[in-house]
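Below is one structure; the comments refer to it alone.
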Amino acid sequence: MKSKAPIYFLLFAMSALFLGMFFGLTASFQYLMPEFLKEQIPFSKMRPFHVTSVISWIVLCATGSIYFFLTYVEKFKLFSPLLAKIHFIIFLLTGIAIYFSFAFDYTEGREYFAFTPVLIVPILIGWVLFGINYFKTLYKNVKGWPVYYWMWGTGIVFMCYHLLEAHFWLFDFFRLNFIKDFSIQWKSYGSFTGSWNMLVYGISIYLMSKIKKDSNVATNKIAFFFYFLGLTNLMFGWAHHTYLLPTQPWIRYVAYAISMTEWVVLASIIYNWKRSVLKVEKENHPMAYRFLLSTDLWIFLNIILALLFSIPAINFFTHGTHITVAHSMGTTIGINTTILFSALFFIVHQIYPDFKTDRKWIQRGFISFNISLFFFWISLLIAGGKRSYWMYVSKTGLFSEMQDSLVPYYISFFIFGIGIFISLLIVATPIFKAFLQKIKP
């Protein structure tokens, strides 16, 4: 009997997604009504709930998808199903502990890891267990790895390192030197993102290969060029996060040269794949196919934005404004989430071949999701642009007056945030129910 651990990971991931969106909506409402829940759970406390939850969605869904592909699609026997169960239990209990850490103000950590630092230990143990299971399983079963196996393995290894690196500030050697401390902190967060991108982008290539039933998608030279370019970005592309620090000039030049180039190649791979997919293959996986096409659109939009503010002169004006938030929302929702929903639809079709994924309401939810996300994204860009103009160009008026002028855009991204939430709820509910049915005794 196949392990149910992958399904548990996916259910956990979807729960984290909707909790994260709920926290995000509540935080955006606090922009409009600063007194809302201020005494119970102010914005400063709501934000880490939101950030941690949506990152958990990406990481857990990628992990569950990889476990599923190995065991259900490739039909490999896991090196240790027990390790997979322990991995899930560790992440589940740690997730609960992180919420308690936030609720009771044990927030000594930083940024993505605002929870009490001791909780990084079980997270690291979980990734080590995942790595042992992954590499031992593939070592026994695969000769000549397709590119997605390399991407997943690389993502797991670098995830372990960069989770450690993000906590170097605990040591006086790093914390007592401001430049060193912040350089490593921002580097680790950029590379942490690059690590989960390796997992997610590997999933996108896996899906393209399986939907088209053509292994060449994952073994050709372009695919491996994309892998090495992504690896370069993971290792060096983080430096565009540190433009404002007085680091060595060559670091900035390297970052500028390679920043976001992996998206160009991924967009090219998806575009060429889209042209070659046969009608019957689209019909077998309609929603998985549509979500991958949606990924291509969001890659295009975010390439334009990212290339602009990877230029140091522009980055100076955008850093710390809502334009940065637009970039992170465009990538985590527009790119990562569309790839992961493509994986979810592919997975539910593997479990229940008769499951109708392109129901009318699901299609409407998909369209509504993309429209809502586009206007949500535009609202953040305009708000960021107006704030930057006030900070660096006009330099007139009070901060409170500037904030008041942004209220229409705060209302806009709150409304379209609700649209994203409802749209994804419509799309995800049938999948969630199908997964629940699968784990029933």
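Could you list, in sequence order, the residues of the stretch 90-107 that are surrounded by 13 or more Cβ atoms within 10 Å (Cβ to Cβ), modelled with pLDDT under 90 and not polar (S, T, N, Q)?
TYR106
Can you find a residue in the stretch 342-365 that is of a type in the set (D, E, K, R) and in a helix (DSSP H, G or I)?
So far as the stretch 342-365 goes, yes, one or more of its residues are of a type in the set (D, E, K, R) and in a helix (DSSP H, G or I).
Restricting attention to the stretch 353-387, and to residues there that are among the β-branched types (Val, Ile, Thr) and in contact with a Phe, Trp or Tyr (Cβ under 6 Å, 6 or more places away or on another chain), which single residue is surrounded by the most Cβ atoms within 10 Å (Cβ to Cβ)?
THR357
For the stretch 21-43, how many residues are at pLDDT below 80 and farther than 23 Å from SER328 by Cβ?
So the count comes out to 6.
Got a number for residues in the stretch 48-86 being in a loop (DSSP other than H, G, I, E, B) and either among the basic types (Lys, Arg) or under 21 Å from THR338 (Cα atoms) (or both)?
2
I'd like to know if the stretch 333-352 contains one or more residues that are out of contact with any strand residue (DSSP E or B) (no Cβ under 8 Å at 6 or more places or on another chain), surrounded by fewer than 18 Cβ atoms within 10 Å (Cβ to Cβ) and not hydroxyl-bearing (Ser, Thr, Tyr).
yes
Select from the stretch 151-200 the residues that are surrounded by 20 or more Cβ atoms within 10 Å (Cβ to Cβ), of a type in the set (Val, Ile, Thr) and more than 21 Å from PHE69 (Cβ to Cβ) and list them in ascending order.
Result: THR193, single match.
Under the condition of being surrounded by 20 or more Cβ atoms within 10 Å (Cβ to Cβ) and small (Gly, Ala, Ser), which residue from the stretch 389-428 is nearest to PHE22 (Cα to Cα)?
So, considering only residues that are surrounded by 20 or more Cβ atoms within 10 Å (Cβ to Cβ) and small (Gly, Ala, Ser), the one nearest to PHE22 (Cα to Cα) is GLY417.
Does the stretch 32-46 contain any residue that is of a type outside the set (A, V, I, L, M, F, W, C), touching a residue at least 12 places away in the same chain (Cβ under 8 Å) and closer than 26 Å to PHE130 by Cβ? Before you say what the answer is, go through the steps one by one.
First pass over the stretch 32-46, keeping only residues of a type outside the set (A, V, I, L, M, F, W, C): 34-35, 38-40, 42, 44-45.
Those left that are additionally touching a residue at least 12 places away in the same chain (Cβ under 8 Å): 42, 45.
After this cut, where a residue has to be closer than 26 Å to PHE130 by Cβ as well, the list is none.
No, the stretch 32-46 has no match at all.
Kindly indicate whether any position in the stretch 133-150 is in contact with a Lys or Arg (Cβ under 7 Å, 6 or more places away or on another chain) and either part of a helix (DSSP H, G or I) or of a type in the set (A, V, I, L, M) (or both).
The first filter runs over the stretch 133-150 and keeps only residues in contact with a Lys or Arg (Cβ under 7 Å, 6 or more places away or on another chain), leaving none.
There is no residue in the stretch 133-150 that is in contact with a Lys or Arg (Cβ under 7 Å, 6 or more places away or on another chain) and either part of a helix (DSSP H, G or I) or of a type in the set (A, V, I, L, M) (or both).
Can you tell me which of LYS143, LYS180 is in contact with a Phe, Trp or Tyr (Cβ under 9 Å, 6 or more places away or on another chain) and of a type outside the set (Gly, Ala, Ser)?
Result of the check over LYS143, LYS180: LYS180.
Checking the structure you have, find out if any residue of the stretch 19-42 is among the basic types (Lys, Arg), over 29 Å from TRP145 (Cβ atoms) and surrounded by fewer than 18 Cβ atoms within 10 Å (Cβ to Cβ).
yes
Confirm whether GLU74 is acidic (Asp, Glu) and within 22 Å of TRP57 (Cβ to Cβ).
Details: acidic (Asp, Glu): yes; within 22 Å of TRP57 (Cβ to Cβ): no.
Here the answer is no, as GLU74 does not meet what is asked.
Hey, can you tell me all the residues within the stretch 1-25 that are in a helix (DSSP H, G or I) and out of contact with any helix residue (DSSP H, G or I) (no Cβ under 6 Å at 6 or more places or on another chain)?
Selection gives SER15, PHE18, PHE22.
Among ALA62, ALA84, which is buried (at least 21 other Cβ atoms within 10 Å of the Cβ) and closer than 18 Å to TRP196 by Cβ?
None of the others qualify; the one that does is ALA62.
Mind telling me which of the residues PHE91, PHE113, PHE102, PHE76 ends up being farther than 26 Å from GLY194 by Cβ, touching a helix residue (DSSP H, G or I) at 6+ places or on another chain (Cβ under 7 Å) and in contact (Cβ under 8 Å) with a residue 12 or more places away in the chain?
Values: PHE91 fails: farther than 26 Å from GLY194 by Cβ; PHE113 fails: farther than 26 Å from GLY194 by Cβ; PHE102 fails: farther than 26 Å from GLY194 by Cβ.
Answer to the selection: PHE76.
Quick grid of which residues meet (1) farther than 26 Å from TYR67 by Cα; (2) modelled with pLDDT of 85 or more:
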| position | (1), (2) |
| --- | --- |
| MET287 | no, yes |
| ASP296 | no, no |
| PHE309 | yes, no |
| GLY320 | yes, no |
| ALA326 | yes, no |
| SER342 | no, yes |
| VAL348 | no, yes |
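The values are calculated or read from the model by the stated rules, or taken from the named source; none is laboratory data. Just so you know, these numbers come straight off a predicted model, no measurement behind them. Note that we place each Cβ from the backbone using ideal geometry, even for glycine, and neighbour counts take in every protein chain shown.
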